[in-house]
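Accompanying notes for the structure given below.
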Amino acid sequence: MTRGVRELSVGVIGCGTAGSAAAVFLARQGHHVVVYERVAEPRPVGAGIVLQPTGLAVLERLGIKREILARGARIDRLTCVTDRKRTLFDLEYRELDDKYYGVGLHRGVLFQSLFNEVGDSGAELRLGVNVVDLARAPHRTLAGRALARRHYVVDDAGVRHGPHDLVVVADGARSSLRDDTDRTQSVEAYPWGALWFVGEDKERRFRRVLSQYVRSNRTMLGFLPTGTGPAGITPLVSLYWSVRVDAVERLLGEGLSKWREEVLDLCPDAEDLMFQVRGPESLVFSAYHDVVMNRWSTRDVVYLGDAAHATSPQLGQGANLALVDAMVLADTLEKHDDLALALEAYSRKRASHLGFYQVTTRLLTPFFQGDEPAYGAVRDLVMPVMNRIGPARRLMTLSMCGLSEGFSGRTLRL
């Protein structure tokens, strides 16, 4: 049995979901962890996210699942209905196991819980440091043993921090640090994004169901129960509306009356929520990227979360994949006594799980967000059939839960 990699100096770039979770895991293992975050005063902002059984399992290991559940909203089903009232799918977690469920959560709640845990873990936080580059440290040895740490992290003022044995890059889909290693990458902006609004759901009209409504593949409306948010006691719901990136300005500039009519035509139950949308300033637009890397690590740098494998939000797996990344990284460092071997094992262990969700998301997205109506027509014919076929329905439910590792039905073992 190995004792794990010796105590390391670890530089973590970014204190979002992946970075914060990795920092906590590694600090608890006894490594000296420094977290660099470009925002000087991070705050709990954002809209809704879904935590799946995979993400919840990681939060349980981190010891913060209970507080997350207290602020979140349980989800038992995922539904999608067309404008003609035809059900495309209606998936229930309990079909796999009674213990499975999702949690709708304000992103700020997850951030705040993880951020607090970073502070309690002993990791060092350096806020307001915008890391833009990695630089090799001089290499020195004594009797064959490396003495110098491997990388400095360089901020936008040219100041070097570190050096660190291991650099964890977790600064999001727009990371500029992928160019600092020899990993092959492809980064593409999606032409479609989403407008978000978080409102009160006092009557609990959207309780326990993540509901979606579609018209062709050019219109998608969703309602995600979002718990009580970072502060408050009133149940919240996150509304999201699919929109082309180049159409956002026009939609907001025209006023929202036409948009409100479209929303209510698809979902009359949203009337109370629509009254809360005061104007364009109430809505937040999110754009998305598709990031592909041939491997997610080198001998001393590892990429986690959206910096490594951002996708469209079609399957709602972003936060969950990031949390699993952090957990698997910690596990591989604990199982190998050589850093390079540990990181190689990390990339190998994540390959099938991440590969499935990257490929599946890329295949599905045009059927729900796109400019070719034929995709929507095919979707409306095929998905109701798949919803009724046992093996296909099981694969769809496994995919929703974040558990799929391939089209054969193989599942992730946490």
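The values are calculated or read from the model by the stated rules, or taken from the named source; none is laboratory data. Owing to the predicted nature of the structure, the values given are computational and were not obtained by experimental measurement. No Cβ is skipped: glycine too gets one built from the backbone with ideal geometry, and neighbour counts run over all protein chains shown. In case anyone asks, the SASA skips ligands and DNA or RNA and just uses the protein heavy atoms, side chains included. Shrake-Rupley method; radii C 1.70, N 1.55, O 1.52, S 1.80 Å.
Observations on the structure shown:
- For the chain: accessible area per residue (Å², 1.4 Å): 46 Å²
- Partner lysines whose Cα lies under 30 Å from the Cα of Lys335, excluding those fewer than 8 positions away in the same chain, are identified as Lys65, Lys99, Lys349.
- Share of carbon and sulfur in the accessible heavy-atom surface of the chain [1.4 Å probe, %]: 49 percent
- Under the shape rule built on the C-alpha gyration tensor, where the axes satisfy a ≥ b ≥ c, the range 277-414 is oblate, since a/c reaches at least 1.5 while a/b does not exceed b/c.
- If you sort Tyr346, Tyr240 by accessible surface, 1.4 Å probe, largest first, the order is Tyr240, Tyr346.
- Computed from label points 7 Å out along Cα-Cβ, the spacing between Glu60 and Asp337 is 3.3 nm.
- Spin-label pair Glu249/Val159, simplified geometry with 7 Å Cα→Cβ offset, distance in nm: 3.6 nm
- For the range 21-53 versus the range 381-397, the gap between their alpha-carbon centres in whole angstrom: 36 Å
- Within the range 276-301, backbone nitrogen closer than 18 Å to the virtual label 7 Å beyond the Cα of Arg43 toward Cβ: 281-285
- For the range 190-229, the square roots of the Cα gyration tensor eigenvalues, ordered a ≥ b ≥ c, give a/c of at least 1.5 with a/b greater than b/c, which places it in the prolate category.
- Gaussian network model of the chain, springs between alpha carbon atoms under 10 Å - residue of Asp306, Asp97, Asp325 with greatest fluctuation: Asp97
- Between Val248, Val328, Val263, the Gaussian network model of the chain with springs among Cα atoms under 10 angstrom shows the greatest mean-square fluctuation at Val248.
- Taking 28 Å as the straight-line reach from the Cα of Lys85, the lysines in range (excluding those fewer than 8 positions away in the same chain) are Lys202, Lys258.
- Subtracting the Cα-Cα distance of Arg278 and Arg207 from their residue separation scaled by 0.36 nm leaves 23.2 nm.
- Sparse packing (at most 12 other Cβ atoms within 10 Å of the Cβ) combined with a DSSP loop state is found for the following trypsin sites (Lys or Arg not before Pro) in the range 48-85: Arg84, Lys85.
- Choice from Ala40, Ala194, Ala21 showing the highest fluctuation, given a GNM over the chain with Cα pairs closer than 10 Å: Ala40
- Prolate/oblate/rounded call for the range 23-68, Cα gyration tensor, a/c under 1.5 rounded: oblate
- For the chain, size of Cβ-based charge dipole, Lys and Arg +1, Asp and Glu -1, in debye: 940 debye
- With all protein chains modelled, accessible area of Asp165 [1.4 Å, Å²]: 10 Å²
- Heavy atoms of Leu323 accessible to a 1.4 Å probe, total area in Å² rounded to 10: 0 Å²
- Dipole magnitude of the range 281-339, debye to nearest 20 (Cβ charges: Lys/Arg +1, Asp/Glu -1, about Cα centre): 140 debye
- Estimated FRET transfer efficiency when R0 is 60 angstrom, pair Glu124-Ser408 (beta carbons, to 0.05): 0.85
- Peptides 225-232, 181-188, 315-322 ranked from most to least packed give 315-322, 225-232, 181-188, packing being the mean of other C-beta atoms within 10 angstrom over each peptide's residues.
- In Å², nearest 10: area of Cys15 left accessible to a 1.4 Å probe: 0 Å²
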